[in-house]
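The values are calculated or read from the model by the stated rules, or taken from the named source; none is laboratory data. All figures in this text were calculated on a predicted structure; none of them were measured in a lab. Cβ atoms come from the backbone with ideal geometry, glycine included; neighbour counts cover every protein chain shown. In case anyone asks, the SASA skips ligands and DNA or RNA and just uses the protein heavy atoms, side chains included. Shrake-Rupley method; radii C 1.70, N 1.55, O 1.52, S 1.80 Å.
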Amino acid sequence: MTWTSLNAWVAAPEIFLFCATCVILLLDLFVSDAKRGITHALALIALVVTGVLLVYGYSPAQQFGFSHMFIADPLATLAKVGMVIGVALVLIYGRSYAIDRGIFKGELYSLALFSLLGMMVMASAINMLTLYIGLELLSLSLYALVALRRDSVESTEAAMKYFVLGALASGMLLYGMSMVYGATGSLNVFEISQKLLIDHEGNKLLAVFGLVFIVTGIGFKLGAVPFHMWVPDVYQGAPTPITQLIGSAPKLAAFAFTIRLLAQALEGFTPEWRQMLVVLAVLSLAIGNLTAIAQTNIKRMFAYSTISHMGFLLLGILVGSAVGYAAAFFYAVTYMLTAAAGFGVVMLLARQGFEADRLDDYKGLARNHPWFAGMLLMVMFSMAGVPVFVGFFAKLAVLKAVINLGMVWLAVFAVAMSLVGAFYYLRVVKLMYFDEPESSGALSGSLFSRVVLSLNCLALLFIGLYPNGLLSLLTDAVVFSLPL
Amino acid sequence: MTGQLLSCAIWVPIVAGLIVLATGGDKNAGLQRWLALAGALLGFLVTIPLYTGFDVASAGMQFEELRPWVSSFNINYHLGVDGLSVWFVILNAFTTLMVVLAGWQVIERRVGQYMAAFLIMSGLINGAFAALDAILFYVFFEAMLIPMYLVIGIWGGPRRVYASIKFFLYTFLGSLLTLVAFIYLYYQAGGSFEIQDFHRLPLGMTAQALVLVAFFFAFAVKVPMWPVHTWLPDAHVEAPTGGSMVLAAITLKLGAYGFLRFALPIAPDASREYAWVFVVLSLIAVVYIGFVALVQTDMKKLVAYSSISHMGFVTLGFFMFARGTDLNSFAVEGAIVQMISHGFVSAAMFFCIGVMYDRVHSRKIADYGGVANKMPIFASFFMLFAMANAGLPGTSGFVGEFFVVLGAVQVNFWYAVLAATTLIFGAAYTLWMYKRVIFGEVANHHVAELLDVNKREFLVLVILAVAVLGMGLYPKPFTDLMHFSVNDLIWHVSQTKLPQ
């Protein structure tokens, strides 16, 4: 390996983040509990610098590094910017929640940053092993984060479930990857793609067999039905900042990961994996939306709603063209923002000894806190896909791509399920606006976090009014990154 | 300024609503009321030039505005009105003004939010009537549900939650299917969401039929046509007076307008082929719902059912294909006049019921009797509106119904006979209710304590009465504006779009 082929500069944000996280981990040893704010501030600074490095390094071209194991293309860079924002929002919204629950510790920050590093590697890896390493770094950090509240039975149970099922899925994925390796003799995404194109029939059976396992692994990481069993328990059991972490940024990572594996490596098998994704998407939309109706816990409701949103994301991916990937990318980015805002409000209402995770806790919120009730209203209508909020354009983009493919029935099914979804989002609005408050809850959270949360929610409206900038940015990124 | 008239009609009320919202809680209620009135008045004033500056000799779009909005999807901010839509923009601004006045003292809690919801809704509805881009239309059409949902749910009656969610989900279902149809048409039209491009687009019969089904779901629910009408009585009964006024006067019209703007011109062959379905459903609405209205014991429900019956008349007029090919211009014009007239009359009817409800807090007919003894001025106005609702000549209610029946006679005698029964049923249920409520001995101590209308209520009643009588005696300004556009529509629909 020579230095030119190493080309380490393309991974500068990752390298910086890794070093910064190690430094924060070490410094935290010398910080007393009372001054833990220092760790918090340092973590945020590290995120800002990583974000700046990403934006600075953005170029509309494919840059390879580490002997073609790592790529910095517009798709990866933009996804990473989204992830950095997602994790920063977690740290900002979760601060007072963590202080109140006694989990305001260095581990929270270093693990969150390591999980971000894992996500970033997932977005940029173009080698099966690098992809896997990124995924494991993300997953292991998340397992530990879910269990951060060590004395909570729910959290430990959730972590255990997450770990066992996650390990199983990782095993499946690795097994699938090994078969693809067996069929093509390569681990590199582009080489696999070329080998499969040249020698399409040669080892087709073996490769398709591997594909099944890869799709299984992806389905698990996205939380798509029938691999969704972990989602509700983990969402409910994890401390809310961790729920937000799991529910926002990793969706982007999973999107990029799926693009690398399915759209790039296994491009030649598009008809095969499209069929599988259709099944996953249809089931996710149906079960996610229908089950969410029955929930009384808002975190659990968000869990099922995530499942249904992942169904929509899969609809975009299964189109298998730049239009579809761009739609799915837009969906992932905007969903990340929406989910972050939703959990942000939940944490704002939560305080010492009160989780604000029952739906009934939102009764009469409009009376007590009209501003933040309005914010949550925007989140709910955005998730339901009602214009003028951004969720509408995300759904429009996906539906447009699906109809372009000629699968009108799938679009009709998706909108029918959106209707079901509208019901439970409306119910939250109903509780906030139509019911009388049961108690006059105070808000937690600093002024800074409230301002950021408000901006986050207003962004849903603003991008809904002017979707063009983000939409064309992401579309261009997909077109540059996937020369189809 | 004239270049941006429609934008003003949309954004002036919305901005006014946001300002009202920003003034905070109920301690500023007085200020909020005046601000809302100023906003509604300004919103109404900016629509006046739409009437005065309208070129009656043109069937094309006027006051057009075109700006790119989402260029990646080729969605434009494209506004414009023709003779079909211009009256509804004005009517809507007018109704908003009435609603603000109607809710002046009656709404006591969350005044600012109430006023803001109506102002914002008014702007969104104007947007839906003026949009010439399908997605822009959809955005306004859907966004309007949010304030209406909140209005019914927050200020409504005892079963408001049920009614508001039912209202939202019913209308949401229909519009989602329309969205799919729009996207399908987008690809057929070679990547354009322009409604006028859709109009020119040749489509096969199957595609037209499916598109028509999607439009049917969206607009029939909104109109509402039998059998998807069940949300309306619930929503009306539970909504506050202002909510009922806007629902009946405007949002129902949006559904009917959808048929004119989308269903008929985009799928003319399918419309012709399946016109009998619409005719049958409309006649069921006219006759059967007339019977249903007759047995109501709740005044608001009665007027709600009467709305459904009257709207049946409208859809009947739209789908009168003479000799199986052309639309009948009498019927279409009559139907549009009926829409405008019903906007005035139903708003007035709901306002009158609201006046009584505010005093007695009951909508049951049985709780009233002999109101005329205590509220003579009110009783006279209510008489006028009841007569208009029944379609008495000289009132606005007569003109539209007469034209539609006239058109129906040319198409099929039996259609006309069935349609004409509405004149009988309308008179029966409206006047019978009027008799039980207004005439007779003073029924109970609630009625005995009634006070006649105050100045504000008197003002609203006078304005509405002038509108109802004016339109009834001199409908020419209304029909003049729409004449060319209607003929253009009829010509357009008579051309087949099937690929040769």
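If I go through the stretch A:194-219 residue by residue, how many of them are surrounded by 19 or more Cβ atoms within 10 Å (Cβ to Cβ) and touching a residue at least 60 places away in the same chain (Cβ under 8 Å)?
The total comes to 5.
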**OP:** Determine, yes or no, whether B:LEU136 is under 25 Å from B:CYS8 (Cα atoms), at the interface with another protein chain (Cβ under 9 Å from one of its Cβ atoms) and in a helix (DSSP H, G or I).
**Re:** no
**OP:** Taking the options B:ARG67, B:ARG109, name whichever one is within 14 Å of chain A (Cβ to nearest Cβ), open to solvent by 50 Å² or more (accessible area, probe 1.4 Å) and either at pLDDT 85 or above or within 23 Å of A:PRO387 (Cα to Cα) (or both).
**Re:** B:ARG67
Original post:
Inside the stretch A:404-431, can you point out the residues that are within 9 Å of another protein chain (Cβ to nearest Cβ), free of Cβ contacts under 8 Å to residues at least 12 places away in the same chain and either within 21 Å of A:GLY464 (Cα to Cα) or more than 25 Å from the chain's Cα centre (by Cα) (or both)?
Top reply: A:VAL408, A:VAL412, A:LEU419, A:LYS430
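Does A:VAL388 satisfy the condition of being within 14 Å of another protein chain (Cβ to nearest Cβ), assigned to a loop (DSSP other than H, G, I, E, B) and either in contact with a Lys or Arg (Cβ under 6 Å, 6 or more places away or on another chain) or open to solvent by 30 Å² or more (accessible area, probe 1.4 Å) (or both)? Spell out how you get there, then give the answer.
Numbers: within 14 Å of another protein chain (Cβ to nearest Cβ): yes; assigned to a loop (DSSP other than H, G, I, E, B): yes; either in contact with a Lys or Arg (Cβ under 6 Å, 6 or more places away or on another chain) or open to solvent by 30 Å² or more (accessible area, probe 1.4 Å) (or both): yes.
So A:VAL388 fits the description; yes.
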Original post:
For the stretch B:144-153, how many residues are open to solvent by 10 Å² or more (accessible area, probe 1.4 Å) and either in contact (Cβ under 8 Å) with a residue 40 or more places away in the chain or facing chain A (nearest Cβ under 9 Å) (or both)?
Top reply: 2
Subject >> Among residues of the stretch A:434-457, those that are loosely packed, with under 11 Cβ neighbours inside 10 Å and of a type in the set (Asp, Glu), counted >> reply: 1
Original post:
Out of all the residues in the stretch B:93-100, is one or more in contact with a Leu (Cβ under 8 Å, 6 or more places away or on another chain) and either modelled with pLDDT under 85 or closer than 22 Å to B:SER485 by Cβ (or both)?
Top reply: no
Original post:
Would you say A:GLY171 is free of Cβ contacts under 8 Å to residues at least 40 places away in the same chain and either closer than 30 Å to A:PHE209 by Cα or hydroxyl-bearing (Ser, Thr, Tyr) (or both)?
Top reply: yes
**OP:** Scan the stretch B:121-141 for residues that are among the polar types (S, T, N, Q) and either touching a Cys at 6+ places or on another chain (Cβ under 9 Å) or within 14 Å of B:LEU260 (Cα to Cα) (or both) and jot them down.
**Re:** none
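Determine which member of the set A:ILE103, A:ILE92, A:ILE15, A:ILE99 is modelled with pLDDT of 90 or more, within 21 Å of A:ILE246 (Cβ to Cβ) and either in contact with a helix residue (DSSP H, G or I) (Cβ under 6 Å, 6 or more places away or on another chain) or of a type outside the set (Lys, Arg) (or both). I'd like the intermediate steps shown before the answer.
Working: A:ILE103 fails: modelled with pLDDT of 90 or more; A:ILE15 fails: within 21 Å of A:ILE246 (Cβ to Cβ); A:ILE99 fails: modelled with pLDDT of 90 or more.
On inspection, the qualifying residue turns out to be A:ILE92.
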Subject >> Qualifying residue in the stretch B:154-167 (condition: within 22 Å of B:TYR114 (Cα to Cα), open to solvent by 10 Å² or more (accessible area, probe 1.4 Å), within 10 Å of chain A (Cβ to nearest Cβ) and not in a helix (DSSP H, G or I)) >> reply: yes
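Given the structure, is B:VAL292 within 22 Å of the chain's Cα centre (by Cα), under 20 Å from B:SER244 (Cα atoms) and in contact (Cβ under 8 Å) with a residue 60 or more places away in the chain?
Numbers: within 22 Å of the chain's Cα centre (by Cα): yes; under 20 Å from B:SER244 (Cα atoms): yes; in contact (Cβ under 8 Å) with a residue 60 or more places away in the chain: no.
So B:VAL292 does not fit the description; no.
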Original post:
Of all residues in the stretch B:429-451, which are small (Gly, Ala, Ser), touching a helix residue (DSSP H, G or I) at 6+ places or on another chain (Cβ under 8 Å) and not in a helix (DSSP H, G or I)?
Top reply: B:ALA443
